[in-house]
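Bear in mind that the values in this text are calculations on the coordinates, not laboratory data. These numbers come from a predicted model, not from an experiment. When we count neighbours, we look across all protein chains shown, and the Cβ atoms used for this are built from the backbone with ideal geometry, even at glycine.
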Amino acid sequence: MKTTVRSRRQFLQSGALLSAGSLLPTFALGQSRRIENVGLQLYTLRREMAADFEGTLAKVAQLGYTEMEFAGYFNRNAREVRRVLDANGLSSPAAHIQWAAVRADLQREIDFAAELGQQYIVIPFLAPHERTFDSYQRLVETLNSAGEACQRAGLKIGYHNHSFEFETTNGLIPYDYILEETDPNLVDMELDLYWLANAEIDPIAYFENHPGRFSMLHVKDMDSHGRMADVGRGTIDFADIFSRAETGGFKHYIVEHDNPGDGIASVANSIYTMRNLRF
């Protein structure tokens, strides 16, 4: 598959146009939709969650987030986690589960996810020593086989990208290989928009070449120096991307910042942008 690549300059130009456009009335831009249910990847608040699990979930609910994507449960069992979600009017469509855990005891992860009412188990990351062609082959095998088991349980397996999947390995782009070799009926993709921009890849080409594969978006911004930023504090044209929802298959829009200075302030900034963005 031939993937269209944009330069960082083009990304910055599109962001500048978005900023200018935000000064115009909504009707002038022809935009009428917005994201009603904003999700949060709780890795963003891992320090806060470790210190006060229940209080942190209450805070993000008060900010207006409705969907929680977990990255660890901080020694709580599924019943305890579900109780806190329910108490705050929250749902959890997905969780990040390490590849090793999926290989070691997938049924345990399925049972936990089912009790929380989740729809997806997402493999989030490959360690540096795993970024070989042989590892990508094993990953594809895991995704397809785990996808069959998840499907029987009413779930779906997913994969979350960084930028390394776009570095040529054995003459292939690993991300393209994963997309092409996994069964679309069994495996969905969680597309991280920051890491795609970091790799200077145009997401639109992926939506067009693999329609319906991207049920989850990680919504995180990139500033003019290439650094991660709160949503709306950077250059990524989210309105253009979100407008491709029907083609891409987006169902969940999940805010994340890997290393915010102030986690609560960061997620507050991001949801403000998300709730006011029209596309």
### Task
Keeping to the stretch 244-266, report how many residues are crowded, with 17+ Cβ neighbours inside 10 Å, more than 15 Å from residue 195 (Cα to Cα) and either of a type in the set (A, V, I, L, M, F, W, C) or over 17 Å from the mean Cα position of the chain (by Cα) (or both).
3
### Task
Return the residue satisfying two criteria in turn: it lies in the stretch 220-267 and is part of a loop (DSSP other than H, G, I, E, B) and free of Cβ contacts under 8 Å to residues at least 24 places away in the same chain, and of such residues it is farthest from residue 45 (Cα to Cα).
225
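Please enumerate the residues belonging to the stretch 151-200 that are closer than 19 Å to residue 231 by Cα, of a type in the set (Gly, Ala, Ser) and buried (at least 20 other Cβ atoms within 10 Å of the Cβ).
197
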### Task
For residue 217, state whether it is surrounded by 15 or more Cβ atoms within 10 Å (Cβ to Cβ), in a helix (DSSP H, G or I) and among the aliphatic types (A, V, I, L, M).
no
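Picking from 115, 141, which residue would you name as being closer than 29 Å to residue 87 by Cα, of a type outside the set (Gly, Ala, Ser) and surrounded by fewer than 20 Cβ atoms within 10 Å (Cβ to Cβ)?
Of the residues listed, the single one that is closer than 29 Å to residue 87 by Cα, of a type outside the set (Gly, Ala, Ser) and surrounded by fewer than 20 Cβ atoms within 10 Å (Cβ to Cβ) is 115.
Every residue, every condition in (1) surrounded by fewer than 19 Cβ atoms within 10 Å (Cβ to Cβ); (2) charged (D, E, K, R); (3) farther than 24 Å from residue 157 by Cα, yes or no:
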site	(1), (2), (3)
66	yes, no, no
70	no, no, no
84	yes, no, yes
88	yes, no, yes
91	yes, no, no
95	no, no, no
103	yes, yes, no
109	no, yes, no
### Message
Let me spell it out: the conditions are (1) over 20 Å from residue 68 (Cα atoms); (2) surrounded by 16 or more Cβ atoms within 10 Å (Cβ to Cβ); (3) more than 15 Å from the chain's Cα centre (by Cα), and residue 128 meets all of them except one. Which number is the exception?
### Response
(2)
### Query
Given the stretch 35-102, what helices (runs of 4 or more DSSP H) lie entirely inside it while holding 3 or more residues that are free of Cβ contacts under 8 Å to residues at least 12 places away in the same chain and polar (S, T, N, Q)?
none
